[in-house]
Amino acid sequence: DRYNDYMRVLLAGGGTAGHINPALAIASVIKEHYPDTEFLFVGTPNGMEARLIPEAGYNFASMKVAGFQRKITLKNVKRNCQALYYLASAGSKAKKIINEFKPDIAIGTGGYVSGPVIKKAARMGVSTAIHEQNAFPGVTNKLLAKEVDKVMLTVKEALDYLDKDVDYTITGLPVRAGIASKSKLEARAELGFDNELCILSFGGSLGAGCINETMAEVIKWHTSNNLKINHIHGYGKMGREIFPKIMIESGISMKNQRLRISEYINDMDTCLAAADLVICRSGASTLAELEAAGKASILIPSPIVTGNHQFHNANVLGKAGAAIVIEQKDVTNELMIKTVKDLYEHREKLSDMSDNAVKLAVKDTNDRIYKVIKELISKTTVSYTHLRAHET
């Protein structure tokens, strides 16, 4: 392999952790097989990637790109004018980055910034690929799928929204190290729980008002009825002022023999291993972890994400019998308590959902991504290797 000693890889994506983490995971896969690879990540100067990528030890180049706002307001008109300005210069900026870095392959993981970078790389003859995390692809990846050599998908359902002739591979989504490495009994012993039903609920690091409100009532319900339920809940930053107050007013201790309630869950691998039922949103990374760990879930998709993609993600598990999907507009305390009560009384349903989650998991994601990388290398039509011979 002519790249065993030296290769350059350009990665573009950002805006949310859902685009950044897959890029970092892909870089890790490449480094495992090509340890001397040089990477350059391209993202926006004000996005999370501007902090997370350098923190991970990678070189970072920024370019300003913004999406267009569909709702017509004075503020959005100004934003759209700015987006047009960025778009006009994005192509030349991307070309400059590519010419200076001289990548052998380029990979986009979504977000507006990956559009001009990967499109320009493809048109300059660099082998290109994208990775789509969601069941409902983002606008950028829908457009890029027509331009790139390879399309990596987390789930096959995304194909319904892409051109039928794209060269795709179902790779799944890389999950954090440690997920599914600990047994349920080990995790419960670590948490101080017995072997009764265990619920894990959270709304992400910021929290989710809908999940916090209904979990407060679920906790009151099973606590007041002395049910044998262990419950871990992370209320996030949004619940900091409200959730502890509700518990105090209800006479419920935030940490006791069966409860562990906190703002953040810093030991998610342990908590996930301990759980029989997980109640949460349906971001792609979260669902990949539920599948890898084989956990039954009640999913409440966030209704405020682009393209309502969390709803599409959740339905992949829902249709497979791995999850119960409840749209936020339909969530009531009564419905949630009824749903949890039914699962508490019929544990075989939880067992079936767990089995179905495991069936959805892609267990060799890293191997599949590596196979795509090798195919990309073999497809390279423009190599900068001869130019590098003259570099000093």
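The values are calculated or read from the model by the stated rules, or taken from the named source; none is laboratory data. Treat the numbers as computed from the prediction; the structure is a model and nothing was measured. Glycine also receives a Cβ, built like all others from the backbone with ideal geometry; neighbour counts cover every protein chain displayed. Heavy atoms of the whole protein, side chains included, go into the accessibility calculation; ligands, DNA and RNA do not. Shrake-Rupley method; radii C 1.70, N 1.55, O 1.52, S 1.80 Å.
Among the candidates 109, 140, 154, which residue alone is in contact with a His (Cβ under 7 Å, 6 or more places away or on another chain) and closer than 23 Å to residue 171 by Cα? Step through it out loud before you land on a result.
Values: 140 fails: in contact with a His (Cβ under 7 Å, 6 or more places away or on another chain); 154 fails: in contact with a His (Cβ under 7 Å, 6 or more places away or on another chain).
Being in contact with a His (Cβ under 7 Å, 6 or more places away or on another chain) and closer than 23 Å to residue 171 by Cα holds for just one of 109, 140, 154, which is 109.
Could you check how many residues of region 184-233 are farther than 24 Å from residue 351 by Cα, open to solvent by less than 20 Å² (accessible area, probe 1.4 Å) and in contact with a Cys (Cβ under 9 Å, 6 or more places away or on another chain)?
So the count comes out to 1.
Out of the residues in region 198-229 that are part of a strand (DSSP E or B) and under 27 Å from the mean Cα position of the chain (by Cα), which is farthest from residue 261 (Cα to Cα)?
Ranking the candidates gives 198 first.
Can you tell me how many residues within region 99-129 are open to solvent by less than 10 Å² (accessible area, probe 1.4 Å) and either in a strand (DSSP E or B) or among the small types (Gly, Ala, Ser) (or both)?
Step one: of region 99-129, the residues open to solvent by less than 10 Å² (accessible area, probe 1.4 Å) are 103-110, 113-114, 117-118, 121, 126-129.
The next check asks that each one be either in a strand (DSSP E or B) or among the small types (Gly, Ala, Ser) (or both); those that pass are 105-108, 110, 114, 121, 127-129.
So the count comes out to 10.
Could you list, in sequence order, the residues of region 158-177 that are assigned to a loop (DSSP other than H, G, I, E, B), of a type in the set (Gly, Ala, Ser) and at pLDDT 95 or above? Write out each step before concluding.
Of region 158-177, the ones assigned to a loop (DSSP other than H, G, I, E, B) are 162-167, 171-177.
Adding the requirement that they be of a type in the set (Gly, Ala, Ser) leaves 172, 177.
Once the filter is applied, which keeps residues that are assigned to a loop (DSSP other than H, G, I, E, B), of a type in the set (Gly, Ala, Ser) and at pLDDT 95 or above, region 158-177 yields only 172.
Name, by its number, the condition in (1) small (Gly, Ala, Ser); (2) modelled with pLDDT of 95 or more; (3) closer than 26 Å to residue 366 by Cβ that does not hold for residue 180.
With respect to (1) small (Gly, Ala, Ser); (2) modelled with pLDDT of 95 or more; (3) closer than 26 Å to residue 366 by Cβ, residue 180 is out only on (2).
Residues checked against (1) touching a helix residue (DSSP H, G or I) at 6+ places or on another chain (Cβ under 7 Å); (2) surrounded by fewer than 21 Cβ atoms within 10 Å (Cβ to Cβ); (3) within 19 Å of residue 156 (Cα to Cα):
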position: 298; (1), (2), (3): yes, no, no
position: 307; (1), (2), (3): no, yes, yes
position: 313; (1), (2), (3): yes, no, yes
position: 332; (1), (2), (3): no, yes, no
position: 335; (1), (2), (3): no, yes, no
position: 339; (1), (2), (3): no, yes, no
position: 349; (1), (2), (3): yes, yes, no
position: 353; (1), (2), (3): no, no, no
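Tally up the residues in region 90-127 that are more than 10 Å from residue 12 (Cβ to Cβ) and aliphatic (A, V, I, L, M), please.
Number of matching residues: 6.
Which residues, counting only those in region 362-378, are among the hydrophobic types (A, V, I, L, M, F, W, C) and open to solvent by 20 Å² or more (accessible area, probe 1.4 Å)? Break it down into steps so the answer makes sense when it comes.
Within region 362-378, the subset among the hydrophobic types (A, V, I, L, M, F, W, C) is 362, 369, 372-373, 376-377.
362 - this is the single residue of region 362-378 that is among the hydrophobic types (A, V, I, L, M, F, W, C) and open to solvent by 20 Å² or more (accessible area, probe 1.4 Å).
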